[in-house]
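Undergrad: My questions all concern the structure below.
The values are calculated or read from the model by the stated rules, or taken from the named source; none is laboratory data. It should be emphasised that the depicted structure is a prediction, and the values quoted were computed from it without experimental measurement. Quick reminder, even Gly has a Cβ in these numbers, built from the backbone with ideal geometry, and neighbours come from all protein chains shown.
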Amino acid sequence: MAERDPGWNVLEKPAKPHDSAALHVSGEARYADDLPEPRDLLHLAFGLSTEARARIVDMDLAEVRAFDGVVAVYTAADIPGVNDVSPMAHDDPLLADGEVIYHGQAVFLVAATSRDAARRAARLGRIEYEPITPLLSLDQAREAGSEIEPVQRMVRGDAASALADAPHRLEGRVAMGGQDHFYLEGQVSIATPLEDGQIHLVSSTQHPSEVQHLVAHMLGLVSADVTIEVRRMGGAFGGKETQAALFAAACALVAAKTGRPAKFRCDRDDDMVLTGKRHEFEIGYDVGFDEEGRIVGLDLALASRCGASVDLSPAINDRAMFHADNCYYLPDVVIVSERLKTNTVSATAFRGFGGPQGMLAIERIIDDIAASLGRDPIEVRIANLYGDEGRDVTPYEMQVTDNIAPDMIARLRETARYDERARKIAQFNETSPVLKRGIALTPVKFGISFTSTHLNQAGALVHLYADGSIQLNHGGTEMGQGVYVKVAQVVADVFAVPLSQVRITATRTDKVPNTSATAASSGADLNGMAAHRAAMTIRERLVQFLAEEFSCDAGEILFTPDGVHVGSEMLTLGEAARRAHIGQISLSATGYYATPDIAYDRVAHKGRPFYYFAYGAAVSEVVVDTLTGEHKVLAVDILHDVGRSLNPAIDRGQIEGGFVQGQGWLTTEELVWDDKGRLLTHSPATYKIPTASDRPKRLTIDLWDGENVQPTINRSKAVGEPPFMLAISVFSAIGRAIAAIQPDSRAYPPLEAPATPEKILAAIAGHRSS
Amino acid sequence: MAISFLLDGETITIDHVDPTATVLDYVRYTLRRTGTKEGCAEGDCGACTVLMGEADGTGGVAWRALNACILFLPMLHGKALLTVESLKRDGELNPLQQTMADNGSSQCGFCTPGFVMSLQGRAIGALGSALPAADVIAGNLCRCTGYGPILDAAEQVPTLPDETLPSAQALAALAKEPASGTWQGRQWFAPRTVEALVQLLADHPDARLVAGATDVGLWVTKALRQLETVIFLSDVAELRELSETDEGLTIGAGVRWAEAHEAMARLHPDLGELVRRFAALQIRSAATVGGNIANGSPIGDGPPALIALGATLTLRSQEGARSMPLEDFFLDYGKQDRHPGEFVESIFVPRPGPDAAIHMSKLSRRLDSDISAVCGAIALAVRDGTITTARIAFGGMAATPKRATHCEAALSGAPFSAETFEAAAQALSEDFDPLTDVRGSRAYRLEAASNVLRRMWLAQQGTAISVLDCEAIHG
């Protein structure tokens, strides 16, 4: 069984690099835009809204249509089926219909014989708008009562009384910005019309099934008429979970209406304007605590800017609530979550999915408490950790049964020499007037499972060919995270063959149907288990067949790296497969897996939404220039829990990459909108993700040597999202460095995220005046 | 007429050249070499990095890592091009590729060919290859790995002279004549001498001059502008000359920033550091010192430093040459003192004297490969405890790169003291009334700019002021 199959020895094998590594470095790995272009291909571009909120009075597209090379121009009226590319609420039109709800929204679609012609023509639309005052900020939306769903509350005990009785009490607020995904491969799709109205799409999407269903509805087809294929994405990070559908649907519309293949490769700037980002949050808190800094009551208000449509905002904001405890026990607590609707591009999934915002809230609260008591924040963190009975239940009433955070923090504190460095940093700061250093240790506890319980399922399809080669397909999509290689390792181990004997194939909706998005860090957990079951089905058939054929016990048949032992005989897998084929045994099987034991009551916000938790902790040391607001991350030590790793090299890559991406969110990556609702940071010239020199010069990553308490595939743990939040240690360390300008102050600097030089100088000024 | 270039030893000739077609599109969609990727089409992500070789004038071939997305096709004439597909030979990855593959240097893999080409440039001694690996790849963005496995791989790969690369003779034979052509009624030229350039400009005074195309490239890829007559400057030999004497540096307008880097660092280390942080290597290997001045950008990083150092600009036309203090060239936003038919020929930067006190600060959201919110340069002469002259210029603070005259007045003739610097810092608010824009607010710019003065004083007193000089505390 999946728990501990004796045939598995994944950890004993050398860590494998990415299955496509050789193709990546040679340039031979094919992404959507690298595929040979078919004859008669049309290239697409959108005409974009120039208003954040307006009624469309008139559209004059004559010049667009007349532009040399333009073959077709479509508006909402040309859509045969449902004008919708949204994941759930039917509120994201493919093309604006009568109104626009954010600046840069797709209003019309141009198909031309060249990309250049399509893009040039798309700028020639003359659209008359009747503007309506847009709601851009959280305050404006709140005042107008504009929300994507009613305020949600997660409540345990009586926070008001606990606060009233608390020995100490603090109020505070912190704002944190959103984040652009900046996948290096922009949004792209190619549609090919097939016979009898069917359509095939290559889409750079994390969610082929959703694209399939939306395209079918949009064209008035059924799902069986539409096939989506994705071999790999050039990065996604949540930005291709729902956002890819817009571009795929545009291609499908053109292909269906013109009968010609159509490609939409979006320009980077348009991509940044058109597609959703991480939610910007504002946090307000009222916390009561004792002399040790132990929280006795918390009233926490989370408000997020969800943008112009619902998208996945309900689940994202739920996850923010679920992670507002992080590793800490909150006895009497109320978490209020406002989901505000604004005339900005709809915020969407992004690695962590609301978790980072919730977690940053509680870590700021802890830092604030520590400052007010004059204690080292690490002591306050430890004082608040989940513990034994009585301190082991989350605000949503899930029992924490795998609490390794205290042990991980203790070990990392030791190996990173936190205390000694904190002392030396304090000495440094005493004698350094301009440069101030800070150090912080922050932990991570991240819940693993889709919180919409039914999404926790996956399918796989495994073929054993009569020559012994294996083809593997499953619902997981490859965006660089290594889910393909991990799942292939699982299948290779079932048959005890080298990984090279397993051919990994592109994710396709005609091979495995009704899949969930590759999201929520779940790809390897779900698809690995489904593929394991498929492979085991074939292996069991082989065993049964060979036992009969060779008149031996099933127990005498062993799959080993040397071959298949059948009693005293030895066969290659190819020989065994050939015999089974002649013996009329099916060598193809599907596998299916659904996560057990989880259930959640969303109305009450109670239950067990997560199968397990993944943990981590990081120590970051930073230095801040208090005259310019510049900073540098000097050293980072990470201890992270991936359970019993399927592939340590891949997992380390996820940890480092997640950390640096989180560092970007909290430091250099600032989204700026103007007062008309226009995104000003729509290119890498103005939106700054980390570069190589932003990576801390010293970065150590250790894997926690435990295994998952739950029987996951190989007892491994999900790794995609959790490390992102290790970067909160950077933000916390910057806060402490700023605090060092007034070492005797009991206030905490009012630092907002991202900690740009300007925000750091503002926090310094705010701290000086506190 | 046609252009010709070498690709993996093979001569490629293009008969009819669209002068603003990009090398990236040509490589991807005509040559079908799809390993070179488009990540941004504006020279900021490096996914399209290729290597271009040109005769270095002394019998060798000089290689540069460039962003193909903003490189125009005519700029390939007489050059050698390497794309990521050039590296794998006989079905085998080259040592750099193999090391990166083994090292987990790729995740999604989309940026990977660009990193391979930047680091391959370092391996074969391309321009800037003496820089640390992190600087060589500062213009390559990766969103997956966190960069560690790429930097590790870079350190493992030694310099690999590649004997299969083409020779200068092969390049000379390839393109005996300067290129020019007509595309859909629009003319373009790529002269090789100042004489020819003078004549062309006399004939086409409104022609668009394109040097490195790192700015004009975006007019085409992003603004979708159509350029009329274009004159490419990169083959004009005299403009590529750099001479270093005791008096100072004379920099031909066509000298690229990366080519001037070491000589500038010898003028003053702050200038060297400023150049290191000027965009990233692929841009510095294309962008010219003259172009950075001629485009008149208020946020170009070159002019403030060069103004503070007392640089002189020389322009030339059929009427002859004229020179002016660099600051006088910048008249207003988007308006420079360049007459029709004139071009920027060279910049002379005097070597700072022994009594000079110099400080330069570039402030940006990200430390590498970012555009300044504020870029300040201060050059003082200090004799016997008194500041005898002060030249101060800022970028990002006004519609042009501009001298801070009130600030200079507060320093000139005053004692070299904390009080003087404090007065000078405060005087800046009389010099500048900056805008609030995407890179910073008015208030931030004013505060940060005045702190540049305060930091200079502290630095002069030996106080540590740079986060870049810090190492982690070892417990």
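Undergrad: Pairs under 7 Å by beta carbon, first residue more than 8 Å from every other protein chain (Cβ to nearest Cβ) in region B:20-45, partner among the charged types (D, E, K, R), six or more apart or different chains?
TA: B:LEU24/B:GLU38; B:VAL27/B:ARG33
Undergrad: For the structure I just gave you, tell me whether A:ARG417 is at the interface with chain B (Cβ under 10 Å from one of its Cβ atoms) and either free of Cβ contacts under 8 Å to residues at least 24 places away in the same chain or among the acidic types (Asp, Glu) (or both). So that I can check it myself, show each step before the final result.
TA: Working: at the interface with chain B (Cβ under 10 Å from one of its Cβ atoms): yes; either free of Cβ contacts under 8 Å to residues at least 24 places away in the same chain or among the acidic types (Asp, Glu) (or both): yes.
So A:ARG417 fits the description; yes.
Undergrad: Provide a single number: the residues in region B:115-173 that are under 18 Å from the mean Cα position of the chain (by Cα) and at positive phi.
TA: 1
Undergrad: Turning to a different aspect of this structure: Sort through A:LEU634, A:LEU646, A:LEU639 and tell me the only one that's surrounded by fewer than 24 Cβ atoms within 10 Å (Cβ to Cβ), of a type in the set (A, V, I, L, M, F, W, C) and over 18 Å from the mean Cα position of the chain (by Cα).
TA: A:LEU634
Undergrad: Which residue out of B:LEU367, B:LEU411 is surrounded by 23 or more Cβ atoms within 10 Å (Cβ to Cβ) and of a type outside the set (Gly, Ala, Ser)? If you could, list the steps in order and put the result at the bottom.
TA: Values: B:LEU367 fails: surrounded by 23 or more Cβ atoms within 10 Å (Cβ to Cβ).
The conditions single out B:LEU411.
Undergrad: May I pose another question? Name the residues in region A:438-457 that are more than 18 Å from the chain's Cα centre (by Cα) and over 22 Å from A:ARG375 (Cβ atoms), would you?
TA: First, pick out the residues of region A:438-457 that are more than 18 Å from the chain's Cα centre (by Cα): A:438-443, A:454.
Within region A:438-457, A:HIS454 is the sole residue that qualifies.
Undergrad: In addition: I need the full set of residues from region B:203-215 which are crowded, with 22+ Cβ neighbours inside 10 Å and either among the polar types (S, T, N, Q) or closer than 12 Å to B:THR20 by Cα (or both), in order please.
TA: B:VAL210, B:ALA213, B:THR214
Undergrad: Given the criteria at pLDDT below 95 and either touching a Phe, Trp or Tyr at 6+ places or on another chain (Cβ under 7 Å) or surrounded by fewer than 23 Cβ atoms within 10 Å (Cβ to Cβ) (or both), does A:PRO513 qualify?
TA: On the way: at pLDDT below 95: no; either touching a Phe, Trp or Tyr at 6+ places or on another chain (Cβ under 7 Å) or surrounded by fewer than 23 Cβ atoms within 10 Å (Cβ to Cβ) (or both): yes.
Against the criterion (at pLDDT below 95 and either touching a Phe, Trp or Tyr at 6+ places or on another chain (Cβ under 7 Å) or surrounded by fewer than 23 Cβ atoms within 10 Å (Cβ to Cβ) (or both)), A:PRO513 does not qualify.
Undergrad: Looking at A:ASP60, A:ASP33, which one is touching a Lys or Arg at 6+ places or on another chain (Cβ under 6 Å), at pLDDT 95 or above and either farther than 20 Å from A:ARG119 by Cβ or within 14 Å of another protein chain (Cβ to nearest Cβ) (or both)? Spell out the reasoning first.
TA: Values: A:ASP60 fails: either farther than 20 Å from A:ARG119 by Cβ or within 14 Å of another protein chain (Cβ to nearest Cβ) (or both).
It is A:ASP33.
Undergrad: Further question: Restricting attention to region A:668-706, which residues are surrounded by fewer than 18 Cβ atoms within 10 Å (Cβ to Cβ) and not basic (Lys, Arg)?
TA: Result: A:VAL672, A:ASP674, A:ASP675, A:LEU680, A:THR700, A:ASP702, A:ASP705, A:GLY706.
Undergrad: List every residue pair whose Cβ atoms sit under 6 Å apart, with the two residues 6 or more apart in sequence or on different chains, where the first one lies in region A:466-487 and is within 14 Å of another protein chain (Cβ to nearest Cβ) and touching a residue at least 12 places away in the same chain (Cβ under 8 Å) and the second, anywhere, is among the β-branched types (Val, Ile, Thr) and surrounded by fewer than 24 Cβ atoms within 10 Å (Cβ to Cβ).
TA: If the second residue must be among the β-branched types (Val, Ile, Thr) and surrounded by fewer than 24 Cβ atoms within 10 Å (Cβ to Cβ), the pairs left are A:TYR484/A:ILE504.
Undergrad: Using the structure shown, decide if B:ALA55 is small (Gly, Ala, Ser), touching a Cys at 6+ places or on another chain (Cβ under 7 Å) and either in the same structural domain as B:GLU163 (by TED's automatic domain parsing) or at pLDDT below 95 (or both).
TA: So B:ALA55 does not fit the description; no.
Undergrad: Considering each of A:ILE741, A:ILE760, A:ILE734 in turn, give the residue that is in contact with a His (Cβ under 7 Å, 6 or more places away or on another chain) and either of a type in the set (Gly, Ala, Ser) or more than 24 Å from A:GLY178 (Cα to Cα) (or both).
TA: Unique residue meeting the criteria: A:ILE741.
Undergrad: With the structure loaded, tell me whether A:VAL730 is within 14 Å of another protein chain (Cβ to nearest Cβ), touching a strand residue (DSSP E or B) at 6+ places or on another chain (Cβ under 9 Å), outside any helix (DSSP H, G or I) and β-branched (Val, Ile, Thr) or whether it fails that test.
TA: no
Undergrad: What are the pairs with Cβ atoms under 7 angstrom where one residue, in region B:164-182, is in a helix (DSSP H, G or I) and surrounded by fewer than 16 Cβ atoms within 10 Å (Cβ to Cβ) and the other, located anywhere, is among the hydrophobic types (A, V, I, L, M, F, W, C) and at pLDDT 90 or above? Sequence gap at least six, or different chains.
TA: B:ALA172/B:ALA55
Undergrad: Continuing with the same structure: Would you say B:ASP328 is within 14 Å of chain A (Cβ to nearest Cβ) and of a type outside the set (Ser, Thr, Tyr)? Please lay out each step first, then the result.
TA: Details: within 14 Å of chain A (Cβ to nearest Cβ): no; of a type outside the set (Ser, Thr, Tyr): yes.
Against the criterion (within 14 Å of chain A (Cβ to nearest Cβ) and of a type outside the set (Ser, Thr, Tyr)), B:ASP328 does not qualify.
Undergrad: Only one residue in A:ALA166, A:ALA159, A:ALA175, A:ALA144 is more than 14 Å from every other protein chain (Cβ to nearest Cβ), surrounded by fewer than 19 Cβ atoms within 10 Å (Cβ to Cβ) and either modelled with pLDDT under 95 or over 23 Å from the mean Cα position of the chain (by Cα) (or both), so which one is that?
TA: It is A:ALA144.
Undergrad: On the given criteria, is B:GLU195 over 18 Å from the mean Cα position of the chain (by Cα) and in a helix (DSSP H, G or I)?
TA: Answer is yes for this residue.
For every residue, the table says whether it meets (1) assigned to a helix (DSSP H, G or I); (2) crowded, with 24+ Cβ neighbours inside 10 Å.
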site	(1), (2)
A:GLN212	yes, yes
A:MET233	no, yes
A:PHE237	no, yes
A:PHE247	yes, yes
A:VAL254	yes, yes
A:PHE264	no, yes
A:MET272	yes, yes
A:TYR285	no, no
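Undergrad: Working only within region A:416-427, note down all residues that are surrounded by fewer than 14 Cβ atoms within 10 Å (Cβ to Cβ) and within 18 Å of A:THR700 (Cβ to Cβ).
TA: A:GLU420
Undergrad: Go through (1) in contact with a helix residue (DSSP H, G or I) (Cβ under 6 Å, 6 or more places away or on another chain); (2) closer than 15 Å to A:GLY438 by Cα; (3) part of a loop (DSSP other than H, G, I, E, B) for A:ARG746 and report which single condition fails.
TA: (2)
Undergrad: Give the residues of region B:418-475 that are over 23 Å from B:ARG277 (Cα atoms), at the interface with chain A (Cβ under 9 Å from one of its Cβ atoms) and touching a strand residue (DSSP E or B) at 6+ places or on another chain (Cβ under 9 Å), sorted by residue number.
TA: B:ILE473, B:HIS474
Undergrad: Output the number of residues of region A:692-707 satisfying the condition of being more than 9 Å from chain B (Cβ to nearest Cβ), in contact (Cβ under 8 Å) with a residue 12 or more places away in the chain and either in a loop (DSSP other than H, G, I, E, B) or not polar (S, T, N, Q) (or both).
TA: Summing the residues that are more than 9 Å from chain B (Cβ to nearest Cβ), in contact (Cβ under 8 Å) with a residue 12 or more places away in the chain and either in a loop (DSSP other than H, G, I, E, B) or not polar (S, T, N, Q) (or both) in region A:692-707 gives 5.
Residues are listed down the side, and each one gets a yes or a no for (1) at pLDDT 95 or above; (2) closer than 30 Å to A:HIS682 by Cβ; (3) touching a Leu at 6+ places or on another chain (Cβ under 7 Å); (4) of a type in the set (A, V, I, L, M, F, W, C):
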residue: B:ARG439; (1), (2), (3), (4): yes, yes, no, no
residue: B:ALA443; (1), (2), (3), (4): yes, yes, no, yes
residue: B:SER466; (1), (2), (3), (4): yes, no, no, no
residue: B:CYS470; (1), (2), (3), (4): yes, no, yes, yes
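Undergrad: Only one of (1) farther than 30 Å from A:GLY307 by Cα; (2) more than 9 Å from chain B (Cβ to nearest Cβ); (3) assigned to a loop (DSSP other than H, G, I, E, B) is not met by A:GLY629, so which one is it?
TA: It fails just one condition, (2).
Undergrad: Looking at region A:749-770 only, could you name the residues that are in a loop (DSSP other than H, G, I, E, B), modelled with pLDDT of 95 or more and more than 8 Å from chain B (Cβ to nearest Cβ)?
TA: Selection gives A:PRO749, A:PRO750, A:LEU751, A:GLU752, A:PRO754, A:ALA755.
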